[in-house]
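Working notes for the structure below.
The values are calculated or read from the model by the stated rules, or taken from the named source; none is laboratory data. Keep in mind the model is a prediction, meaning the values are calculated, not measured. Methodologically, a virtual Cβ is constructed for each residue, glycine included, from the backbone with ideal geometry; neighbour enumeration extends over all protein chains shown. Just the protein is used for accessible areas: all its heavy atoms, side chains included, with ligands, DNA and RNA removed. Shrake-Rupley method; radii C 1.70, N 1.55, O 1.52, S 1.80 Å.
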Amino acid sequence: MKKDADIYRKMRCILGVCAAVVLAGLGGCGKSGGELQEVEIPEEDKWEDEITIMHVDAEDQNFLAYIDAVEKELKMKINVLSYPVNADSRHGKVSSLLAAGDASVDIFAVNDEMINAFKHKGYLEPLQNDVMDAETAQVFEPEYLEKTVMVGEQIYSAPYMLDVLALWINEEWLQEAGLTGIETKEDFYRFITHDWGAGRYAYGGAWEKTYLYNELGEFINLFGGNYFDWENEKTREAVKFFKECIDKGYTSKDQMIDQYDQMNQKFIDGKYGMVCMYSGGVKTYVNAGMYGEDKIHMTPLPNLGGNQVTYIGTWQYALNKASKNKEAAKRFISYAVSKEGNKLYAEMVDRIPARSDLLKEDLNVTGYKELQQFLQSVDVQVRPIPSNSMDYLKTVGELFQKYMLDELNLDSYCEQMQELVDKSR
């Protein structure tokens, strides 16, 4: 394709020069010394390749500005397509395109749930021999690559954005409770049990069945439990805590239909005092004018007698095996995850980069310094997501909701969760 594009571009240049000569001759009829005018080649005629990306940030003007910059850098036309907003619909859209062998999209932006499903199905082009060679792969967390984007020795996607699950608090609520922080178990329960009045809840969550998984695993860690052992008393203590939050009104049953968009809006509107949310949520708070030390901000994880451990995830680029533009697509992904390209993305789109070497640099990214401080106080963990990711997450959420609504007692809930996680391993 590049060779054809080069020939096409040269032909356009020759034709342009010929046209200029003819016009110069006409304009100078009866005169001597007519000058040949330089012909400006349109930007689109300078492109060497063309690819199409389906991206979660397709509507973000900062991301589109980044794409414009990359087009000029790579001399490549990059078409960007939107995803459905709903996570389940997004997963279904990509799955149907890949399963059909549709070549209309070359690159998909995927998250952990998506890659864990698609990497086993033969839909994606391996990247480990060129894009994610040994030198590039070493700047990403080895355990994360192994458990999330790899099958055996094959690497099926390249991370470009890091997301860290953090605890966020509204400083005004903290002061209202007479606290300066929630570092200890006593602080935490003082905040949770404070009388906030009608329509205000100490804790808010995204408990829709495909989202609940994140908070569930996070609190099992905080209480010192083991997600794979549902006879563990600390695991059971964590889920009993959630049930207590519902039974005593510390949180609302209504959030069982909420994903992150709905949860964040309620948090911004002053209905929640504290939430678990990924670091990428900072832009939502900034755009609402609610981010800052005196408003919504990250807070260190409280010591609840367990582990100061949190989940990490990334968004990644995956190459459609049916793509007709594989070399061009690999050229884009290679640049996007290079140190230069990933830094450009981070600062233009205002997102945390996935490369670990960039996390040590002084980046102009909103919430970056706060996240650096947060990461110093925690250990990070990869979410254990099986290959049947969406069905598995839905079942986790459905069982949890049945327990919260008294349709399952604690023993039945834990027994069914144990059966589920055993099958997933």
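Step by step: first the residues of segment 80-100, then only those that are in a loop (DSSP other than H, G, I, E, B) and open to solvent by 40 Å² or more (accessible area, probe 1.4 Å), then the one that is farthest from Leu212 (Cα to Cα). Which residue is that? Explain how you work it out, then say what you get.
Just the residues of segment 80-100 that are in a loop (DSSP other than H, G, I, E, B), to begin with: 83-86, 100.
From what's left, open to solvent by 40 Å² or more (accessible area, probe 1.4 Å): 84-86, 100.
Details: Pro84: 20, Val85: 18, Asn86: 15, Ala100: 31 Å.
If we take residues in segment 80-100 being in a loop (DSSP other than H, G, I, E, B) and open to solvent by 40 Å² or more (accessible area, probe 1.4 Å), then Ala100 is farthest from Leu212 (Cα to Cα).
Filtering Ala206, Ala198, Ala166 for residues that are farther than 20 Å from Thr235 by Cβ and in a strand (DSSP E or B) leaves a single hit, Ala166.
Please work out if Glu398 is in contact (Cβ under 8 Å) with a residue 12 or more places away in the chain and either on the phi > 0 side of the Ramachandran plot or open to solvent by 50 Å² or more (accessible area, probe 1.4 Å) (or both).
Numbers: in contact (Cβ under 8 Å) with a residue 12 or more places away in the chain: yes; either on the phi > 0 side of the Ramachandran plot or open to solvent by 50 Å² or more (accessible area, probe 1.4 Å) (or both): yes.
So Glu398 fits the description; yes.
Cβ-Cβ distances below 9 Å connect the following pairs, each with a first residue in segment 251-272 that is under 19 Å from Ala166 (Cα atoms) and of a type in the set (A, V, I, L, M), a second residue that is assigned to a loop (DSSP other than H, G, I, E, B) and open to solvent by less than 10 Å² (accessible area, probe 1.4 Å), and a separation of six or more residues or different chains: Met263/Gly205; Met263/Ala206; Met263/Trp207.
Please work out if Gly205 is on the phi > 0 side of the Ramachandran plot and not β-branched (Val, Ile, Thr). So that I can check it myself, show each step before the final result.
Values: on the phi > 0 side of the Ramachandran plot: no; not β-branched (Val, Ile, Thr): yes.
No.
Ala166 fulfils the conditions (1) over 25 Å from the mean Cα position of the chain (by Cα); (2) surrounded by 19 or more Cβ atoms within 10 Å (Cβ to Cβ) except for a single criterion, (1). Go through segment 87-117 and count every residue that is farther than 26 Å from Leu145 by Cα and free of Cβ contacts under 8 Å to residues at least 24 places away in the same chain. The number of residues fulfilling the criteria is 1.
Residue count for segment 339-362 under the criterion of being surrounded by fewer than 17 Cβ atoms within 10 Å (Cβ to Cβ) and not in a helix (DSSP H, G or I): the result is 4.
Scan the strands (runs of 3 or more DSSP E) fully inside segment 236-324 and keep the ones with 2 or more residues being of a type in the set (Ser, Thr, Tyr) and open to solvent by less than 10 Å² (accessible area, probe 1.4 Å). Steps first, answer last, please.
Values: elements: 272-278, 296-299, 309-319.
In segment 236-324, 309-319 are the strands (runs of 3 or more DSSP E) which contain 2 or more residues that are of a type in the set (Ser, Thr, Tyr) and open to solvent by less than 10 Å² (accessible area, probe 1.4 Å).
Inside segment 172-196, can you point out the residues that are among the small types (Gly, Ala, Ser) and touching a Lys or Arg at 6+ places or on another chain (Cβ under 9 Å)? Matches in segment 172-196: Ala177, Gly178. The residues of segment 61-79 that are touching a residue at least 60 places away in the same chain (Cβ under 8 Å), surrounded by 17 or more Cβ atoms within 10 Å (Cβ to Cβ) and either not aromatic (Phe, Trp, Tyr) or not in a helix (DSSP H, G or I) (or both), listed by number, are Val70, Leu74, Met76, Ile78. Looking at Leu405, Leu371, just one residue is surrounded by fewer than 14 Cβ atoms within 10 Å (Cβ to Cβ), touching a residue at least 40 places away in the same chain (Cβ under 8 Å) and among the aliphatic types (A, V, I, L, M), and that residue is Leu405. What do you reckon, is Gly224 outside any helix (DSSP H, G or I), at pLDDT 95 or above, over 24 Å from Ile385 (Cα atoms) and of a type outside the set (Lys, Arg)? It is false that Gly224 is outside any helix (DSSP H, G or I), at pLDDT 95 or above, over 24 Å from Ile385 (Cα atoms) and of a type outside the set (Lys, Arg).
Is it the case that Glu146 is over 21 Å from Phe374 (Cβ atoms), without any contact (Cβ under 8 Å) to a residue 12 or more places away in the chain and surrounded by fewer than 19 Cβ atoms within 10 Å (Cβ to Cβ)? The answer is yes for Glu146. A single member of Gly224, Gly199, Gly217 is crowded, with 21+ Cβ neighbours inside 10 Å and either farther than 20 Å from Met263 by Cα or touching a Lys or Arg at 6+ places or on another chain (Cβ under 9 Å) (or both), and it is Gly217.
Determine, yes or no, whether Gly181 is in contact with a Ser or Thr (Cβ under 9 Å, 6 or more places away or on another chain) and either within 21 Å of Val378 (Cα to Cα) or exposed (fewer than 14 other Cβ atoms within 10 Å of the Cβ) (or both). First the steps, then the outcome.
Values: in contact with a Ser or Thr (Cβ under 9 Å, 6 or more places away or on another chain): yes; either within 21 Å of Val378 (Cα to Cα) or exposed (fewer than 14 other Cβ atoms within 10 Å of the Cβ) (or both): yes.
Taking the combined requirement at face value, the residue satisfies it.
For Phe332, the conditions (1) part of a loop (DSSP other than H, G, I, E, B); (2) surrounded by 24 or more Cβ atoms within 10 Å (Cβ to Cβ) are fulfilled apart from (1). Looking at segment 106-114, is at least one residue farther than 19 Å from Ala329 by Cα, in a loop (DSSP other than H, G, I, E, B) and of a type in the set (S, T, N, Q)? So far as segment 106-114 goes, no, none of its residues is farther than 19 Å from Ala329 by Cα, in a loop (DSSP other than H, G, I, E, B) and of a type in the set (S, T, N, Q).
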